[in-house]
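As structure tokens, the structure follows; a few thoughts come after it.
The values are calculated or read from the model by the stated rules, or taken from the named source; none is laboratory data. Bear in mind the structure is a predicted one, so any value in this text is a computation, not a measurement. Here the Cβ is made from the backbone with ideal geometry for all residues, glycine too, and neighbour counts use every protein chain on show. Keep in mind that these areas ignore ligands, DNA and RNA; they rest on the heavy atoms of the full protein, side chains included. Shrake-Rupley method; radii C 1.70, N 1.55, O 1.52, S 1.80 Å.
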Amino acid sequence: NNSKLSATTDGEVSGIRDQGFTRPKILVIFPFRNVAHKFIQHVLKIALTGSKKQVSNKRRFEEEYGPGEVEKPNLSKSLSYQRTFLGNNDDFFTLGVAFAKNSVKLYTDFYNSDLIVASPLGLRSVIGAPGDKERDFDFLSSIELVALFMCDVFLMQNWEHLLHCLQHLNLQPSTPKHTDFSRVKQWALDGHGKSFRQSLVFSSLSSAQISALFGKECASQRGFVRISPLCQRDVLSQILYPVRQVFSRIRDKRPDEDLVEYLTTGRYQFFVDNLLPRLQRGDVTNVVILIPSYYDFVR
């Protein structure tokens, strides 16, 4: 379309609406740099197939995202642990990628990028919070595809960072930069960007938080599809020794107590007063503690 416009004498071709407010169209979020490194390697392999394109800043990318010195796998850990944490497991990064006819550029400015790869923490540091002097999220106003990989790991980091990032997608830009409004798609001008955005969510487990994310942040007009593997084997019946389940009841809610405070503080205090001393004394062994949220883990 750019060639059509440049070939016209009056500089205008009616009916061409093929752009958004900003250039970035794809956002991919990973928990660690090692996974982002593998993803960019696959992207470059596809982009450079059968061509002589040059890759800018590739050496810098390998230094900052590559595995560095080859680590010996910790055989005492599970295979899932080794696959997740082997290599560069830094969780603070953002990377812009731009595709041109003869080159692929890494570390480009967000407004000049086609693809943005980031972690929830890295992207939130750029978006900022209300009241911050320096914050910017207009470059996320025209995202048409967002992919979230390893959401089960996001649950073990800070889920609020991920939600904060998704809540700032496809908003009307406050200060449009180099926007040709005559070519902006009509549904984007009408504020329906979220309805035309495709969202891909990948996780090795299902949780209430991930299910809620579909309902609140994935609002495609085409609906959504959930694909889950079928579990063919009954695991509980294969346990050699029967498992005795013991349920402990926490105190009742006081009349003057807030419900949210009761559900959070009451359960946490019961664990500290009744269960934690037994664990510290060593009365119980082979214990797995499941923590419902990152905030409880920090406490």
remark   = Note on the stretch 71-211: C-alpha Rg/Rh, Kirkwood Rh, two decimals, gives 1.01
task = Using a 1.4 angstrom probe, figure out how much accessible area the chain has per residue, in square angstrom, rounded to the nearest whole.
result = 68
note = For the chain (alpha-carbon point model, no solvent) the Debye-based log₁₀ I(q)/I(0) at q = 0.07, 0.16 Å⁻¹ works out to -0.40, -1.46
note = Dipole check, the stretch 63-148, charges on Cβ (K,R +1; D,E -1), about Cα centroid: among 106, 81, 95 the Cα furthest to the positive pole belongs to 81
task = On the full set of protein chains, 1.4 Å probe, figure out the accessible area of residue 254 and give it in Å² to the nearest 10.
result = 120
remark   = Hydrodynamic calc, the stretch 85-137: Kirkwood Rh from Cα pairs, then Stokes-Einstein at 37 °C with viscosity 0.692 mPa s, so D in µm² s⁻¹ is 262
The stretch 110-257 - charge dipole about Cα centre, Lys and Arg +1 at Cβ, Asp and Glu -1, debye rounded to 20 = 440
remark   = Of 35-44, 19-28, ordering from highest average Cβ density within 10 Å down gives 19-28, 35-44
ask   = Quick one: Cα convex hull volume of the stretch 43-137, Å³ per residue?
value = 141
inquiry  = Tell me the carbon and sulfur percent of the accessible area for the chain, rounded to whole percent, probe radius 1.4 Å.
reply    = 54
key: Nearest-20 debye value, the stretch 23-166 charge dipole, Cβ charges on Lys, Arg, Asp, Glu   = 680
ask   = What percentage of all Cα-Cα pairs in the stretch 168-291 are separated by more than 17 Å?
value = 77
note = Expressed in Å to one decimal, the Kirkwood Rh of the stretch 65-115 from all distinct alpha-carbon pairs is 13.6
query = Ranked highest first by the average count of other Cβ atoms within 10 Å around their residues, in what order do 263-273, 150-160, 47-57 fall?
reply = 150-160, 263-273, 47-57
request  = Could you size up the charge dipole of the chain around its Cα centre, putting +1 on the beta carbon of Lys and Arg and -1 on that of Asp and Glu, and report it in debye to the nearest 20?
outcome  = 880
note = residue 156 and residue 175 label points (each 7 Å along its Cα→Cβ direction) are spaced in nm at 4.1
query = Of 212, 268, 225, which is farthest on the positive side of the dipole of the stretch 166-299, counting Cα position, with +1 on Lys and Arg Cβ, -1 on Asp and Glu Cβ, and the Cα centre as origin?
reply = 225
task = Filter the DSSP H helices in the chain by two things, a Kyte-Doolittle mean of at least -1.0 and an axial alpha-carbon span of 15 angstrom or more, and list the hits by number.
result = 33-47
inquiry  = Using the basic label-point model (7 angstrom from Cα toward the beta carbon), what is the residue 243 to residue 274 distance in nanometres?
reply    = 2.1
